[in-house]
């Protein structure tokens, strides 16, 4: 499902215009992004949780040359599915 498909589904499900659905989805994703940037966890009961995990610096290998490289520490978003979502897709 693409973002356009999601906008169509939300517009049809909520009986609103596609433009309103697009604004709602953009607002939703923006709010989650802003919260994660602040280091906060976002929990949607039954659906799942978004959080930020820290990855330590590590060594990697350039696949083209075989040379060892350093990979810097970073933060990455994580999604954990909730119980209701897991049961719905079984």
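Couple of notes before you dig in:
- Candidates in segment 21-42 are the residues that are part of a helix (DSSP H, G or I) and in contact with a helix residue (DSSP H, G or I) (Cβ under 7 Å, 6 or more places away or on another chain); of these, the one that is nearest to residue 53 (Cα to Cα) is 25.
- Candidates 16, 7: the one that is in a loop (DSSP other than H, G, I, E, B), surrounded by 12 or more Cβ atoms within 10 Å (Cβ to Cβ) and either at negative phi or in contact with a strand residue (DSSP E or B) (Cβ under 7 Å, 6 or more places away or on another chain) (or both) is 16.
- Residue 21 being modelled with pLDDT of 95 or more and under 26 Å from residue 86 (Cβ atoms): no
- Only listed residue being surrounded by 10 or more Cβ atoms within 10 Å (Cβ to Cβ), under 16 Å from the mean Cα position of the chain (by Cα), at pLDDT 95 or above and more than 24 Å from residue 2 (Cβ to Cβ), chosen from 51, 80: 51
The values are calculated or read from the model by the stated rules, or taken from the named source; none is laboratory data. Bear in mind that the values here come from a model prediction, so they are computed numbers and not experimental data. Cβ atoms come from the backbone with ideal geometry, glycine included; neighbour counts cover every protein chain shown.
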